[in-house]
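Following: one structure in structure tokens, then a few remarks.
The values are calculated or read from the model by the stated rules, or taken from the named source; none is laboratory data. Fair warning: this is a prediction, and the values are worked out from it, not measured in the lab. All Cβ positions, glycine included, derive from the backbone under ideal geometry; neighbour counts span all protein chains shown. Only protein heavy atoms, including side chains, enter the accessible area calculation; ligands, DNA and RNA are left aside. Shrake-Rupley method; radii C 1.70, N 1.55, O 1.52, S 1.80 Å.
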Amino acid sequence: MTGSENKKVADINGYREPIFLEPHFTHNIWGGTKLRDVFGYNVEGDDIGECWAIAARPNGRSVAKNGPFKGMGLDELYSSHRELFGSQHDKFPLLIKIIDAKSDLSIQVHPDDDYAREHENGSLGKTECWYVLDCDDDASLVVGHNATSRQELCSMMDEGRWSDLIREVKIKKNDFIQIDPGTVHAIKGGVVVLETQQNSDITYRLYDYDRLWNGKKRELHVEKCKDVITVPAKDASSSIVHDTDTEQGIRLLDSCAYYDVYRINVTDTLEVETDSLYKLFSVIEGEGSVDGYPLKKGDHFILPAHYGKATLSGNMKLIMSMEE
């Protein structure tokens, strides 16, 4: 059975065809060209910051590329064919991105659900995590801060003592970092990550290097940052998983209240099973197939609920995620 064949097989276990997605792209002051040059996406510009690979946002959605749902946005697909997902959430709960930081992103923090619900018109908060796809030698990320009390945090922010406040941690390719709400963080220049997050776009900026975007500085959210930053910050080393294993298999990277994230290495054939809840996949290295459908680096797809067993074949690495 090949990917060119129509596999719209409706059986008692449900719809059995992977749903491949066309991403949405954003242009950012800190973006680069790797999303085109390395991942092969057909998008112009030298400031391509984000590939919204699996997205159902009002301001950016991925679109089904195959099968009877071809051309349908993920938001519409989720609302009109909930049986494909098995989810009880009112809206699609996750957002998967690839981020290419040619230069440093702003220093930022996200609120939790309770704070966002009260201060952002009922929005979700934002818990996220990063898998480092590539990075320069001696690369680092901002994870956490050095203030020992909220009073010290506020003083350091008010006085612009950013080098004293901000904590940087060294990272390598294949590192995984969980970013809980309240964590000061930023992706630094020369780093490419796959991000799994709650379906929320709420970001508070502490500092943006006084850069100009369209002729003016971007908005900061100083008071909200002071409200939501966790003090003291947790030990950064406890947030980082060094994923150096190259053997075939599946590794759980993190399980939190919103998602489970796994890394899959395929060197021959490997089975994954989807039962009553859908699963999300992103191919981050190599090439192969899923049940005969060809896969390459940069492909993203959904296995619908009740799909059953799927066979991954080839030589590739994937990130798999599902809602919790």
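Annotations for the structure displayed:
- Note on region 78-200: the alpha carbon radius of gyration divided by the globular reference 2.2 N^0.38 Å gives 1.23.
- When +1 charges are put on Lys and Arg Cβ atoms and -1 charges on Asp and Glu Cβ atoms, the dipole computed for region 149-228 relative to its Cα centre reaches about 300 debye.
- Restricting region 231-316 to trypsin sites (Lys or Arg not before Pro) that sit in a DSSP loop and have at most 14 other Cβ atoms within 10 Å of their own Cβ leaves Lys234.
- Label selected from (1) 1.05; (2) 1.29; (3) 1.01, the criterion being Cα Rg over 2.2 N^0.38 Å as computed here: (3)
- Here His242 sits with roughly 110 square angstrom of accessible surface, probe radius 1.4 Å.
- For region 43-117, GluC sites (Glu not before Pro) are listed when DSSP marks them as loop and at most 12 other Cβ atoms sit within 10 Å of their Cβ; the list is Glu44.
- Shape parameters for region 7-143, alpha-carbon atoms, Rg then Dmax in Å: 17.5, 52
- Between Asp210 and Lys170, the modelled label-to-label distance comes to 3.1 nm, taking each label 7 Å out from Cα in the direction of the beta carbon.
- His27-Ser155 pseudo-label distance in nm [points 7 Å out on the Cα-to-Cβ vector]: 4.5
- For a paramagnetic label modelled on Asp260 (point 7 Å from Cα along Cα→Cβ), amide N atoms under 13 Å away belong, within region 281-324, to 320-324.
- Lys, Arg +1 and Asp, Glu -1 on Cβ, resulting dipole of region 90-195 about Cα centre, debye, nearest 20: 180
- Area accessible to solvent at Lys217, 1.4 Å probe radius, in Å²: 130
- Accessible surface ranking that places the most exposed of Thr246, Thr26 first, with a 1.4 angstrom probe: Thr246, Thr26
- Over the chain: helical MRE at 222 nm, DSSP H runs n ≥ 4 each giving -39500 (n - 2.57), nearest 500: -3000 deg cm²/dmol
- The chain: relative contact order in percent, alpha carbon pairs under 8 Å with at least 6 residues between: 20
- Probe 1.4 Å, protein heavy atoms only - accessible area per residue of the chain in square angstrom: 44
- Remark on region 171-255: Rg and Dmax equal 16.0, 50 Å (Cα only).
- Bins of 5 Å, starting at 0 and running to the largest distance - Cα pair percent for region 196-324: 2, 9, 14, 17, 15, 11, 10, 10, 8, 5, 1
- Residue pairs, from the table Lys34/Lys172; Lys234/Lys279; Lys65/Lys126; Lys102/Lys279, whose Cα atoms sit over 24 Å apart: Lys234/Lys279; Lys65/Lys126; Lys102/Lys279
- Sparsely packed GluC sites (Glu not before Pro) within region 185-242, loop by DSSP, other Cβ within 10 Å at most 12: Glu219
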